[in-house]
Structures are given as structure tokens and as C-alpha cells.
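The values are calculated or read from the model by the stated rules, or taken from the named source; none is laboratory data. Source: prediction; values computed, not measured. Quick reminder, even Gly has a Cβ in these numbers, built from the backbone with ideal geometry, and neighbours come from all protein chains shown. Each accessible area value is taken on the protein alone, full model and side chains, heavy atoms only, with ligands, DNA and RNA left out. Shrake-Rupley method; radii C 1.70, N 1.55, O 1.52, S 1.80 Å.
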Amino acid sequence: MRMVLLRKSQVQMGETISVVIIIVILIVLGLVFYFSLSGSGVEREREEVQELDSISTAIFVSRMEEIKCSRAGATTYACIDMYKAKAFHNASSSGMPREIYTSLIGYANVTLNMHYSTQKNITIYSHEPSNISGSVTAYMPVMVSDPVNNTQHFAYLEVEVFS
Amino acid sequence: MKMVKNKGQVEISFNWIFVLIAGGLILFFFITFIVNQREASMEELGRRVQDRFDSIFTIIQQTPDSVQSFDHIATELEFMCEEGVQSYMVRGSSAVTFIDSQIIFSPRYIGDSRLVAWTRNFRGPYPVTPVLYLSDDRNMFYFIDDGENGFVRDLFNRFPDAFQKELIREDNPGLEDKGYDFYTIIFSDDSRSEFDVTLLPDDSYTRIRINVTGRHGDVPYGEVRDGVDEDVVVEFVGYEMALGAAVIGDANLFECSKDRLLQRYAASNEVQIKRVHELWGGYQAINPDHRCGIIYNETGLAMSGLENIKSHLDGSVNYEDLASIMSELQDLNDQSRRIGCAWFY
């Protein structure tokens, strides 16, 4: 094998190129590390936002005047009128009310779970996106009032928010 | 004289050129990266501030008929309305937040001072939605007195004390500049015809004329005219809308918020109609000829009232008729209870 002897200038050029290549590699590694860290942060934040979203949707729905119990013009906190809940589902399923309530609630399923009574569960609102990438569910205890039979039941509101 | 460089000299020059180009590229890369990061963080900051305001607005609205103040809000908000879509943005940020779930009446600019939020329930006559009125320590409301039974004086009395407000009586010489950034002058046809605004700095005030045409029960109806462009006339029904016009001080912005409120009213009315169906179904399960049929059956008083409201909200609204139906349904609520039926609302 023939040995190749490099001249001094060629060695210097090689050194310079090596230094630049190493610096570029370090920069690329640094960027990959930075973006992977910030990417995982974004993912974590997205999950947090989704959870908060489901809780705030549950609070918002439970406090909508359209479904709250009312008595002499005053509405009651954490109490849902059974007939209003059914009516809300019927009204928000089509036409103009659907548009309005979709803009307020978004893609979600809201169910009144009457687990602690003989009554059937009541779907209050249902609007699922065509492509579901995930969902988060929040629960909220409420009182359900039946103003016709003058009875009240314990129930919980199940709010599944889609993303 | 021709100079011939030797190989060593050429090599040193080449090294310097190489270092300069590589260094320049690296420097350019970092500067671009930092600038992009700075822009992204500014956007992020704006978004976070808007998220915070969104939460504040939602929370405030959950406590109807309350006044809440927030110590120095460091950011300034600009409220806008384009093509029926209400939105706000934080000054200095390009991100716009569209207002979906709240009905907000606010002057165009608020913030960078103590924020005051006031909520009332819009009733049709059943509770429809909380309405949020916003102001701050930089906005002053001058009400030009229109007498003992005047509507402007009535609105003044209904305004919370936490809002910066003053009733300008007949003997008051003029509207003083008291150091506020913005003044809203509210007057009616019954207010004195001339009021002196020369002491107020130009572009620091807006005028709005609010006239009540009549009342049915305690439901007033009337019209709002822009103080500058008198051709802009917007009708209203109920105190919540009239108060909204006074807070906004701009007929066009008021019309935008009012339209959103009417849309919500129409949707809520559909729910009420369906509820009456459901209630009547419940009563029929007990007794097909239940006495509550007079109110809740298909031709009952509740249904006819709600259908009347629907016909108004679907077409062109006659505000006088709407006020009349609202008032009738108020009476129906008491009537339903008197005969032992479920509260209408």
C-alpha cells in the first residue's frame, strides 16, 4: 500500500472543515433536543387544555339558563329541570338552535346520568365530529327536578368533549 | 507592477473567506431563530392573556346580577364587530378572540386600569342568558338628565356605582374633562337639547341617544340613535338591551351585540317550546285532561305566547309586540302557579 503524505496546508484545510462540521453537528443536535423537549411540552399542554376544556364545558352546560331549574323566575344552582334537559336535546339537534349551541358547546356529548333513580338517562346534547382524535370526560353531580310530579333526584352530568 | 501571490497567501485568504461565510450563515441562522422565537412567544403571551380573559368573562357571567371589579388589568382590550361577529384582541397582539359563549356590552377600549364587570340576566321573560357589561376607570358615563320619570335618569339609577357615572342636571354648566380617557354621553329627546362638549378633548367622547317609545308592564321598548350619525337607528326591548346601548355608546357596535342576543333568544325560545311539549306530555301521563292543559297543551297560553315570540324573532321584529308578549308571559308565570301547575319559568 502506498502511503499518502499530506502537505501542511491540506492538514490545515482539513482541520478547518472538521471544526465547521463538528459545530454544525452540535447545532443540529442542540436543535433536535430543543424541539423534542418543546414538542413534549406542547403535547402535555394540549392534554391539560383538553381536560380543562371538558371541565369548563361541564360547568358551562350545567349553568345554562336553558336547562337550569327555575322557580318564580329565579334559577337554581346545580339543579337541572328534567323537561328542559329533554327539550334542549330536541331543540339543539337541528336547525338554527343546533348552530347556536354548537358554537357555544362545541363537539361534545352531554348526558344526565340518572344512576341513582329509576329514571332513564337523558341525553342533553350530542354533537360528534366526523373525525375523532380523542376525548376527555368530566363528571359533575347535580340535582334533577321533575316539576310535574314535584320530585327531585340525584344525578351526575357526564360531559365528553371531543378533539 | 504585477504582484504574484504565492500558494500560502492564497490559502490564508481562502480560510478567512470561508470563516466569514460560515460565520455569517451561522449568525444569520441564530438571528432568524431568535426573531421567530420572540414572535412566537409574543403570540403565546397574547393567547394566554386572552384565555385568561375568556375564563374571567365566563366566571363573571355565572353570577347574575352582580358587580365585580378586577384590580389593575395590565393589558388593554379592543372590542370589535365585523359582519355580525363580535371579537376582541389584546393590544400589541395580532391574535383575535371571537366571542362565542358570552353576550358582552363594552366600550371599544377597556383595560390598563381597574376593570369593572356587571352581569344581568336577559329575560324574555324567562331567563335567556346572562349579559355582561364591562367598563373600567378610564371610561366615564355622562347621563344628560331627562327629568323625574325620564328613561335616561332611570338608566343612570340602574347603572352600578362601581361604573364611573354622573347625572348632568339642567343647572350643570357643561361636561367637564375630569381626566378620563373616554366619555360616553347618554341622552334622550327629553334631555336638554344642547350640552356643551367643548371642554372635552376631541375624539375622547361618543354620544348616544336612547328613547323609550313605550312600556308593557315593566318591559320598555324604544330606539337607539347614534349621536354622530343620526341615520343609524337600532331598536331595543327590555332594560338589558337599553343598558347595553348606554355602555357601548356606539349604535353600530350595539346592533352587533344585540343581534347576537336576539339569536340566543331565538334558540332559547325553541328550547322553551319543546319544554312545553315535554311538560304537557308529563301531565298527560297523569291525566289526559289535566287542568294544566290550559297553560301547557298545544293550544295553551304558554305555547301561543312562545309561538308569537318565535314568529317575531324569525322575521322582522316588532319590538312593541315583543314587549307586549313578554309582559303577558310574565303574568302567565304567576297564573300557572296559582292553579297548581309547574312554574313556566
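If I take R0 = 45 Å and measure r between the Cβ atoms of A:N149 and A:M96 in this structure, what FRET efficiency does the formula 1/(1 + (r/R0)^6) give, to the nearest 0.05? Spell out each step's value before the answer.
On the way: r = 32 Å, r/R0 = 0.71.
After rounding, the FRET efficiency stands at 0.90.
Applying a DSSP loop filter and a limit of 13 other Cβ atoms within 10 Å to the GluC sites (Glu not before Pro) in segment B:249-345 leaves B:E298. For segment B:26-34, the Karplus equation 6.51 cos²θ - 1.76 cosθ + 1.60, evaluated at θ = phi - 60°, returns couplings of 5, 4, 4, 4, 5, 4, 4, 4, 5 Hz by residue, with Gly and Pro reported as x.
If you restrict to DSSP beta bridges whose two residues both lie in the protein assembly as shown, what percentage is antiparallel, to the nearest 5? Walk me through the numbers before you get to the answer.
Working: 64 of 84 bridges.
Rounded to the nearest five, the antiparallel share is 75 percent.
With the simple spin-label model, which puts each label point 7 Å out from Cα in the Cβ direction, the B:R158 to A:L26 separation comes to 7.0 nm.
For segment B:300-319, backbone nitrogen atoms closer than 11 Å to the point 7 Å from B:D259 Cα along Cα-to-C-beta are found at no residue. Note on B:N252 and B:F14: with the Förster distance fixed at 60 Å, the Cβ-Cβ geometry gives a FRET efficiency of about 0.30. In the context of the full set of protein chains, residues of the protein assembly as shown present 51 Å² of accessible surface per residue (probe radius 1.4 Å, heavy atoms only). What is the total of Lys pairs in the protein assembly as shown with C-alpha atoms under 20 Å apart, excluding same-chain pairs fewer than 8 positions apart? Lysine pairs meeting both conditions in the protein assembly as shown amount to 16. Along its principal axes, segment B:178-230 has C-alpha extents of 40, 20, 19 angstrom, given from the largest down. Please determine, in degrees from 0 to 90 and to the nearest 10, the orientation of helix B:251-286 with respect to the longest principal axis defined by the Cα atoms of chain B, where the helix direction is its Cα long axis. Helix B:251-286 and the main axis of chain B meet at about 50 degrees.
Only Cα pairs under 8 Å and 6+ residues apart enter the sum, and on that basis the relative contact order of segment B:223-345 stands at 19 percent. Max-minus-min Cα coordinates of chain B on each principal axis give 118, 64, 36 Å, with the largest extent listed first. Applied to segment B:117-126, the Karplus parametrisation 6.51 cos²θ - 1.76 cosθ + 1.60 on θ = phi - 60° returns per-residue 3J(HN,Hα) values of 10, 10, 10, 9, 8, 6, 10, x, x, 5 Hz, with x for Gly and Pro.
Measuring nothing but alpha carbons in chain A and taking Rh as the Kirkwood radius, the Rg to Rh ratio lands at 1.49. Quick check: the distance between the Cα centres of segment B:213-227 and segment B:269-345, to the nearest angstrom? When both Cα centres are located, 25 Å separates them. Take the Cα radius of gyration of the protein assembly as shown and divide it by 2.2 N^0.38 Å, N being the number of residues; the result is 1.36.
What number, rounded to the nearest 500 deg cm²/dmol, is the helix-based mean residue ellipticity at 222 nm of the protein assembly as shown, given -39500 (n - 2.57) per DSSP H run of at least four residues and division by all its residues?
Values: 10 runs with 223 residues, N = 508.
Counting only the DSSP helices, I get -15500 deg cm²/dmol.
Please go through segment B:128-229 and write out the GluC sites (Glu not before Pro) that DSSP classes as loop and that have at most 13 other C-beta atoms within 10 Å.
Values: sites: B:E148, B:E166, B:E170, B:E176, B:E194, B:E223; in loops: B:E148, B:E170, B:E176, B:E194.
In loop regions of segment B:128-229 (DSSP not H, G, I, E or B), the sparsely surrounded GluC sites (Glu not before Pro) are B:E148, B:E170, B:E194.
Relative contact order of chain B: 12 percent, from C-alpha pairs under 8 Å at least 6 residues apart in sequence.
So which chymotrypsin sites (Phe, Trp or Tyr not before Pro) in segment A:30-118 end up in coil per DSSP with only 16 or fewer other C-beta atoms within 10 Å?
On the way: sites: A:F33, A:Y34, A:F35, A:F60, A:Y77, A:Y83, A:F88, A:Y101, A:Y107, A:Y116; in loops: A:Y107, A:Y116.
Answer in residue order: A:Y116.
Of all beta bridges that DSSP places with both ends in segment B:47-256, some 70 percent have antiparallel geometry. Here segment B:180-279 has an Rg and Dmax of 16.7, 60 Å, counting Cα atoms alone. Once the Cα atoms are used to define both axes, helix A:95-105 deviates from the longest principal axis of chain A by about 60 degrees. The long axis of helix B:301-314 is offset from the longest Cα principal axis of chain B by roughly 40 degrees. Our summary of shape: the Cα atoms of segment B:261-339 have principal axis extents of 39, 21, 17 Å, ordered from largest down, in whole angstrom.
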